[in-house]
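This report refers to the structure that appears directly beneath it.
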Amino acid sequence: MRKLVYYIGMSLDGVIAGPEGQVDFYTRGTEADAAYAAWVNERYPETVPTPMRPGAGLENVPNKRFDTVLLGLGTYRTVLDAGLTSPYAHLRQYVVSSTLGEIADPAVTLVGADPAGFVRELKQESGLDIWLCGGGKLAGALLPELDELIIKTYPVVAGAGVPAFGGGFGPTRFTPARRESFENGTTMTWYHRI
């Protein structure tokens, strides 16, 4: 069965984006950041947005881990604000929102209700795993369906912004399975549901 995997970057205080959706504060553009990005892109090439793939040398690289992506409305609005309607054209794309109404791009499907039920259906299909790209509210809503977390923790405290998991109190246990540390101070940790 396919897994739902929350693959996300966050600050030391658990923020996945700043108050205005900013994510440019995680790295500084150093050589160590470039080496880290190359390592990540080699292992998860499908997580690079389609317009950025040629510049990263990933234009014709096949998907390795995921063939489907789920985005919450906040994450998708950030993409729309950047002038994109189909950020991951190399994946099946779903936007979860009960308020959006419609999506103009036929390559992106709107999921308007019962995201957990929808994910359970996706898990029954054949294929690669399902990437939960963000945001925090959607991650909170789908917490009971999450099978794995891949957390990139950057050595910065944001102070405010979008938390990795929105919603109410609901302790859910995961166990660390692997951890990698990088010269730029970032750590990547893989967690499996207990």
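What follows is calculated from the coordinates using simple rules that are stated; it is not laboratory data. Quick caveat: nothing in here was measured; it's all calculated off a predicted structure. Please note: Cβ atoms are built from the backbone with ideal geometry, for glycine as well, and neighbour counts cover all protein chains shown.
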*asked:* Please compute the length gained on full extension between residue 20 and residue 82, using 0.36 nm multiplied by the number of residues separating them and subtracting their Cα-Cα distance.
replied: 21.0 nm
_Three semi-axes of the equivalent ellipsoid, the chain, Cα gyration tensor, whole Å, largest first_ = 23, 20, 18
*Say a paramagnetic label sat at a point 7 Å from the Cα of residue 12, along Cα to Cβ; which residues of the range 164-194 have their backbone N under 20 Å from it?*
164-165, 179-190
*For every helix of n ≥ 4 consecutive DSSP H residues, a contribution of -39,500 (n - 2.57) applies; sum these over the chain, divide by its total residues, and give [θ] at 222 nm rounded to the nearest 500 deg cm²/dmol.*
-5500 deg cm²/dmol
*So who's got an amide H within less than 5 Å of the one on residue 162, skipping anything under 5 residues away but keeping other chains? H placed 1.01 Å off N, in plane.*
16, 17, 18
*Please identify the longest segment of the chain free of exposed trypsin sites (Lys or Arg not before Pro), where exposed means a DSSP state other than H, G, I, E or B and no more than 14 other Cβ atoms within 10 Å.*
65-172
*Return the percentage of antiparallel bridges among DSSP beta bridges fully within the range 4-193, rounded to the nearest 5 %.*
40 percent
*Residues in the range 86-103 that a label on residue 60 would reach, taking backbone N under 12 Å of a point 7 Å out along Cα→Cβ*: none
*For the range 110-194, which GluC sites (Glu not before Pro) are both in a DSSP coil and crowded by at most 13 other Cβ atoms within 10 Å?*
125, 183
_Per-residue HN-Hα couplings for the range 174-180 [Karplus 6.51, -1.76, 1.60; θ = phi - 60°; Hz; x = Gly/Pro]_ = 10, 10, x, 10, 6, 9, 10
*Round to the nearest 0.05 the FRET efficiency obtained for residue 37 and residue 114 when R0 = 25 Å and r is the Cβ-Cβ distance.*
0.10
